Structure formats: C-alpha cells, structure tokens
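Some notes on the structure that comes next.
The values are calculated or read from the model by the stated rules, or taken from the named source; none is laboratory data. Given the structure is predicted, the values throughout are model-derived calculations rather than measurements. Positions of Cβ are backbone-derived with ideal geometry, glycine not excepted, and every protein chain shown enters the neighbour counts.
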Amino acid sequence: MAPAVDGGGQLTRLGRRAGWALAALIPAAFLVLFFAWPTATLVSRGFHDGTAWTLDGFAQVFESRRTWRAIWFTLWSATTATVLCLLLGLPGAYLLYRTRFPGRDVLRAVVTIPFVLPTVVVGVAFGSLLRPDGLLGFLGLGGTPVAIVAAMVFFNVSIVVRTVGTFWARLDPRTAQAAATLGAAPLRVLRTVTLPTLAPALLSAASLVFLFTASSYGIVMVLGRTEYSTIETEIWFLTTQLLDLPSAAALSITQLVIVTIALWLSGRAQTRMTRALRLQPDVADASPIVLRRDWPAIVLTGLVAIVLIGLPLANLLWRALHLRGRLTVDNFVSLASHEVFGTSVWQALRTSLLTAVVATAIALTLGVLVALVASRRPRRAAGRTALGALESLFLLPLGVSSVTVGFGYLITLNRPPLDLRSSIILIPIAQAVVALPLVVRTLLPTLRAIDPRQLEAAATLGSAPFTVFRRVELPHLRRALGLATGFAFATSLGEFGATSFLARPDNPTLPVLIFRLFGRPGAESYGTALAASVLLAVLAGVTMALAERMRPKEVASW
C-alpha cells in the first residue's frame, strides 16, 4: 500500500505544479504576444537596415545634440521632481498618518486625487493656470521647465504621502519617545531615529516617483510646446515625424535601462516594507495634533493642498465655467455638439468607458494569476529567484514607453493571423498592458503579508492546497481587488501614449480628443477641452474614491 500512497502523493504534487505553471503561462503568453513581440520587433527593425544588422542607429542618435538634451531634461526633471516630492510629501505623511484632527480623511482624499488624473488633464490644468491670461500668467512660467516640473510634482506627491505615511503609521513610537526622553531635540530624533527607520518607504516612494516622472508623456506633450522634450516624447517625434526607427530604437533601450533600475530599486524596497509590516504590530494610535509641535507640517501640508493641488484643479473648473470673459455653462453644453473629425465629446467618452471596462477585465484576470504565482514561498533558492524574475517580467511595461508599444502594434499586428490594426479591441489590449503592472503591485503586498504560519497550519490540519487557497488566501485577495479595479479602470480611462497611436480619427478616446481640442485654435475648442478635462478628472476621482474605501492596510504603495 505504501508505494501506492507515495505514487498518489507524487501525482498530486505534479498536478499542483502543472496548475501553477499554467497559471503563470497564460499571462506570460499575453505579455509575450502583446508586449514583448511588438516592442522587440520595433527595436530590431531599428537595428536592421533591410539587408544587415547595424549599430548605425546608436551612433546617429547619440551624436545628436537634440538627443542629449532630451536625455538630460528627462534625468534633470525626474530627479528634481523626485526631490521636491520627498521634501513636500514627508510633512504630509506625518500629519495625515501620525496625527489625528477633524477633516483628516478628507485631506487624505484631496492629496490622493492628482495621482489618478490622466496626464493630459494635468497638462491642461497647469497650461490654463500659467498661460498669459491665466491666474498665474503674470509669473511668465507658461511653457517653461518650471511648469513641467510643477505638474510632475502635482501628479506624484501623493505617492510619497501615501507610501511613507502608511509605513510611518505602523512604526512603534516608543523608540522616538525614548530618544526624546534622553534629551534629543525633535530634529535630531527625526534625523537619527525616524528617517533611518523610514528608509525602505522613502526608497520605494522615490523610485516610483522617478519612474512616473521620467515617463510623463502627456504632461510634457501639453506643456513642453515642442521646446522641451524627454526621452519618451523624443521617441514619439522620431517615429511619427521622422520615421527614424534606428534612433527611436536606441532611445527605447536607453529608457528601458533607466526605468528598469528604478523598478528594481522599488521592488527591493517594497519587499522590505512588506516584511516589516508583517513583523510590526497593529497600526499605532495617531496622536492628537499639537500646534506648537506640528506647525511646520501643518503649514507645508496646507500649502501643498491649497496651492499645489487645489489651485490648479479649482482654476481648471473656473476656466471651464467661463467663455469669452463671462460666467457660463456653455462649455459643458457644447460637449455634446462640439465635434472634432466628426466625433463629439460624449461619443469619445462612451468609447473611453467601453475600452476601459474591457481593459480592466483583462488586467484583473491576468493580474490575479500573476499575483498568486509570484506570492508563492518556495523553499529552494532557485524557485525564489524564478518567482522574482517572473514578477519583474510583468513590471517591464512600466519601463518601456507606451509610445513604443503603440507604434510596435502598428507594425506587427497588421497581418494575418493577428490583423488587429483596424480592430477596436487593440486599444483595450494596449491599456491592459499598461494597467497590468499596477494591478500586480496592488495585489502582491496583500498576499505576501499573509502570515506563513496560517498557511502551514491549514496544510498541517489536512486541508488540500485548493482549500487553503479558498479559505485563507482568497479572502485576503478580495480585500485588494477593489483597489486594483480602481487603479486599472482609472489608468485605462486616462491612458494617452499608446492610445494616441491606435485610436482612429473618427473614434478617439476622451484623452486623445482633449489633446486635439487643446491644440486647435479658437475659444470654443479651448473651452470644450477644459470642460472635457473636468469631466475626465471627476470620473477618475470618483473611481478611485470608491476603490479607496476597500483598500487593505497592507497596500502601502503603488
């Protein structure tokens, strides 16, 4: 009987391994087909002149002063925005997560709003604020690097507030209290005790901010006015305006290297954060706010909320309610009648909602499979290395320009058996590729925060692997699905890079239509672009507000 039992156990283990292999293979096949293949094809065409392989593209692109200006501006703007986000976000993280006061939850929501806004909307908001006839037009900052960096900080400061704040709220306050009791001044406690403890959260937030600022395609396209370009906008210029694939390929690889480093740092930091959260006690009680002690954090957080975040959003709404100097709702009324290439805003909105729903369904299905596989805890080092590589593989779309992906679709998915270039399904597929990494990064912390002893105890008591998954892991996974759904939907709704390549002129999405309206002359077109931006901002904000109510405490960063 013993051999039969051993054989049955071996078959069970083989079946379990086959199941997990299949769960990993399905999203991997999707990623290879709709990300790796188009990207690799575009890059390979850049290194092939039709007869032989060549590196002339690298030589040509890096001999150009325009290329070095784009690389320099990318690194400078991303670094500057990252430093400013850390400086402005750290006081907010303390105030909103370590103290309590009336209206704290409302202020948390206000600070979070910018991150879920489409980059085109952010560009339009700052463009309307800083244009010559805008509220801050007298500063003369319209179309300058200052405007671009300010928009990047507006878009990403909430990452620092939320990532660092959620981690800070879990820290044991007794260490800092002991240092203060021994006579350390508040600044010394912050420098020698608190900041070193917050290092994983700070590194995770900084790498994520750098990642998103280095790929702020919509912001630079709207505010740069073709005078300032980043690596991503330069890829767009080379592929669409000059059809210079060798140079575009070289820049794509350059961007991939830069952002892959940021992803690696973020992944390492998030792993350390997740382990720390699992080891720390429940969330510590926030202390009441003390004006004498907390006034610097109150002032800085108030300036961020009112000036950096509130002013552009309020000005966007105010300008949308004006036409030719008078207060009116005509801009919103014209949403149904104002047409660009025969398409109204409402038609574009319907297209955006439909494609976002489909993209969300795809991203969630694949993201759940990836998160389940990547959250396994193999005993062998080789298994852990393989799962780490798998996770990194599905984060790669964050490191490749969505412009590269969109253009890659046009040159690969244009012939049988996958002739999808004229199919509407291609847009939600591209949006799902962009949203998938965020879904994975949202679900993984929740699964990894499960105490391994729970799983081991369930298995020891005789529960089958599927039973352990259904009774222990699935309830935790459900808690994060709401937030993952919100991120996927908001990201898909506002995606602009790849969609700007794939959307047909007669059937654009709302971000594409806003960009077209913003570039057309005339007060009516500009007013309609403002009103459409308000509409898109409200949709994205409401989506994430609903999703935030279901956020599990383990999800400390995006």
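Figures for the structure shown
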{"read-out": "Number of the exception - Phe237 against (1) surrounded by fewer than 23 Cβ atoms within 10 Å (Cβ to Cβ); (2) more than 30 Å from Arg170 (Cα to Cα); (3) hydrophobic (A, V, I, L, M, F, W, C); (4) modelled with pLDDT under 80", "value": "(4)"}
{"read-out": "Residue list for segment 474-522, restricted to those being in a helix (DSSP H, G or I) and of a type in the set (S, T, N, Q)", "value": "Thr485, Thr491, Ser492, Thr499, Ser500"}
{"read-out": "Residue satisfying condition, being at pLDDT 85 or above and within 29 Å of Thr328 (Cα to Cα), within set Ala532, Ala523, Ala540, Ala488", "value": "Ala532"}
{"read-out": "Every pair of residues 6+ apart whose Cβ atoms lie under 8 Å, when the first sits in segment 414-443 and is more than 15 Å from Pro38 (Cβ to Cβ) while the second is of a type in the set (Lys, Arg)", "value": "Ser422/Arg504"}
{"read-out": "Residue pairs meeting the criteria (Cβ under 7 Å; at least 6 apart or on separate chains; first under 21 Å from Thr355 (Cβ atoms), in segment 476-490; second among the hydroxyl-bearing types (Ser, Thr, Tyr) and modelled with pLDDT of 85 or more)", "value": "Thr485/Thr360; Ala488/Thr360; Phe489/Thr360"}
{"read-out": "Complete set of residues in segment 319-344 that are surrounded by 14 or more Cβ atoms within 10 Å (Cβ to Cβ) and either of a type in the set (Lys, Arg) or under 28 Å from the mean Cα position of the chain (by Cα) (or both)", "value": "Arg319, Ala320"}
{"read-out": "Filter pass, Arg104 being surrounded by fewer than 20 Cβ atoms within 10 Å (Cβ to Cβ), under 27 Å from Leu539 (Cβ atoms), of a type outside the set (A, V, I, L, M) and in contact with a Gly (Cβ under 9 Å, 6 or more places away or on another chain)", "value": "no"}
{"read-out": "Meets criteria (in a helix (DSSP H, G or I), touching a helix residue (DSSP H, G or I) at 6+ places or on another chain (Cβ under 7 Å), surrounded by 12 or more Cβ atoms within 10 Å (Cβ to Cβ) and at pLDDT 85 or above) for Phe35", "value": "yes"}
{"read-out": "Residue selected from segment 399-442 under the condition touching a helix residue (DSSP H, G or I) at 6+ places or on another chain (Cβ under 8 Å) and assigned to a loop (DSSP other than H, G, I, E, B), by the criterion modelled with the highest pLDDT", "value": "Ile425"}
{"read-out": "Residue within segment 141-154 that is in contact with a Gly (Cβ under 9 Å, 6 or more places away or on another chain) and modelled with pLDDT under 85 present", "value": "yes"}
{"read-out": "Residue list for segment 307-359, restricted to those being small (Gly, Ala, Ser) and assigned to a loop (DSSP other than H, G, I, E, B)", "value": "Gly325, Ser334, Ala336, Ser337, Gly342"}
{"read-out": "Subset tally (residues that are among the small types (Gly, Ala, Ser) and not in a helix (DSSP H, G or I)) for segment 120-175", "value": "5"}
{"read-out": "Check on Val111, at pLDDT below 90, closer than 28 Å to Leu291 by Cβ, in contact with a helix residue (DSSP H, G or I) (Cβ under 7 Å, 6 or more places away or on another chain) and hydrophobic (A, V, I, L, M, F, W, C)", "value": "yes"}
{"read-out": "Residues being of a type outside the set (A, V, I, L, M), farther than 15 Å from Ala70 by Cα and touching a helix residue (DSSP H, G or I) at 6+ places or on another chain (Cβ under 9 Å) - total across segment 240-266", "value": "6"}
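Okay, residues lined up against (1) touching a residue at least 40 places away in the same chain (Cβ under 8 Å); (2) of a type outside the set (Ser, Thr, Tyr):
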site	(1), (2)
Thr99	yes, no
Gly103	no, yes
Val110	yes, yes
Pro132	no, yes
Ala147	yes, yes
